[in-house]
Amino acid sequence: MSGQVPGPASGSGPDTGSESGLLLTGRDIRELAAAAGIRPSKQRGQNFVMDPNTVRTIVGRAGITPGQAVLEVGPGLGSLTLGLLEAGADVAAIELDRGLAELLPMTLRARGVDDSRHRLVHADALQVRELPAPPSGEAPTALVANLPYNVATPILLTVLERFDAVRTALVMVQSEVVDRLTAGPGSRIYGGPSVKTAWYGRAVHAGRISRQIFWPVPNVDSALVELIRHDEPLGTPAERDQVFAVVDAAFAQRRKTLRAALAAWAGSVDRSEQILRAAGVDPTARGETLEIEQFRAIARASGEIT
């Protein structure tokens with residue numbers, strides 16, 4: 001259910017009081033950044049969370065249990081990392097920014113976090129092929145992250161594609177991205193990311209986030225999207241690739257009928273129509289009206305027709 005994630009009280013600004021405990025306050029964030037000579041990078045979509053109340057709400061929504069291994073992408077200065085650790089999780093984090101990657105372990109040690117509970121990998125999350133695990137050795141089963149907004153969708157879909165052990169995801173992204181990921185057929189914002197997300201599981205809008213809890217304050221609205229994987233995969237990796245090829249072709253020319261949009265993928269307009277009819281899909285329909293099961297049917301039919 002969508003709603004507003006509780007943040008700082010109106011007019012109060014991010015929490016700087018004594019209730020933060022292990023977590024970073026707004027003052028902590030700015031002091032850490034200043035001491036390390038770090039400025040948020042607009043190019044990398046960096047906006048640091050600096051309100052402990054919001055962090056605890058996000059971690060609570062993620063349903064993290066003590067001892068659970070969690071994957072975090074883009075930990076930044078460590079606000080959410082500390083929230084996960086406070087909840088008892090062991091954290092494996094992937095950070096692209098070298099300065100932030102060097103600072104985070106020192107920040108965690110300074111706040112009394114044992115090295116055995118966290119691991120940081122300095123890498124591009126889109127290039128990581130092996131799921132990093134904390135020193136405990138347990139494979140992360142949840143992704144919880146404030147994703148860099150300029151690459152949020154590719155990161156989410158890449159993690160879901162490569163790491164089957166990750167069964168749930170709760171990520172903070174631009175509000176419009178959440179709308180696209182959770183959109184259903186017939187919506188004007190329903191597209192390739194919507195269908196591909198539905199391949200992996202059920203995505204729901206999990207709450208809006210106040211702009212005021214970020215540094216710097218972004219000029220876009222933010223929200224949480226939660227995904228829970230299907231109990232069983234909808235198909236093999238090879239089948240997924242076939243379905244996604246159909247999805248990409250259908251939405252590359254979304255204003256065209258499927259008969260025309262899938263012509264290049266199928267090899268000809270006539271074969272496109274033949275495949276669509278075999279799949280039980282109207283050749284004059286458009287991709288934005290199809291559910292994931294219909295895209296699966298098209299991919300299957302293409303292999304059955306010679």
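Quick notes on this one:
- Whole-number D in µm² s⁻¹ for segment 87-161, Kirkwood Cα-pair radius fed into Stokes-Einstein, 10 °C, 1.306 mPa s: 120
- The local environment of residue 237, defined by Cβ-Cβ distances under 15 Å, has a net charge of +1 under the rule Lys, Arg +1 and Asp, Glu -1.
- Percent of Cα pairs exceeding the 17 Å cut-off, where the set is segment 49-107: 34
- Spin-label pair residue 253/residue 42, simplified geometry with 7 Å Cα→Cβ offset, distance in nm: 3.8
- Multiplying each eigenvalue of the alpha-carbon gyration tensor of segment 22-78 by 5 and taking the square root yields semi-axes of 23, 14, 10 Å, largest first, rounded to whole angstroms.
- Quick note on the chain: its Rg to Rh ratio, both from C-alpha atoms and Rh being the Kirkwood radius, is 1.04.
- Helical contribution to [θ] at 222 nm, DSSP H n ≥ 4, -39,500 (n - 2.57), averaged over the chain, rounded to 500: -11500 deg cm²/dmol
- Comparing 148, 237, 134 in a Gaussian network model of the chain (Cα springs below 10 Å), the most mobile by mean-square fluctuation is 237.
- Relative contact order computed over the chain (Cα-Cα under 8 Å; 6+ residues apart), in percent: 16
- Cα shape, segment 125-230, gyration tensor, a/c 1.5 rule: oblate
- In sequence order, calculated HN-Hα J values of segment 196-201 (Karplus, 6.51, -1.76, 1.60; Hz; x Gly/Pro): 5, 4, 5, 4, 7, x
- Descending principal axes extents, segment 41-185, alpha-carbon based, whole Å: 48, 32, 31
- Phi to ³J(HN,Hα) by Karplus 6.51 cos²θ - 1.76 cosθ + 1.60 over segment 242-248, Hz, x for Gly, Pro: 5, 5, 5, 5, 5, 4, 4
- Modelled this way, with points 7 Å down the Cα-to-C-beta line, the labels at residue 111 and residue 129 are 3.4 nm from one another.
- Of the trypsin sites (Lys or Arg not before Pro) in segment 158-188, the ones in a loop by DSSP (not H, G, I, E or B) with at most 10 other beta carbons within 10 Å are 188.
- Cα gyration tensor shape for segment 243-306, rounded if a/c is under 1.5, else prolate or oblate: rounded
- For residue 198, net neighbour charge (Lys/Arg +1, Asp/Glu -1) across residues whose Cβ lies under 13 Å away: +4
- Length added when fully stretched, residue 219-residue 268, from 0.36 nm per residue minus Cα-Cα: 13.1 nm
Readers should treat all values here as calculations from the given coordinates under stated rules, not as data from a laboratory. Bear in mind the structure is a predicted one, so any value in this text is a computation, not a measurement. A quick note on method: Cβ atoms are made from the backbone with ideal geometry, for glycine too, and the neighbour counts reach across all protein chains shown.
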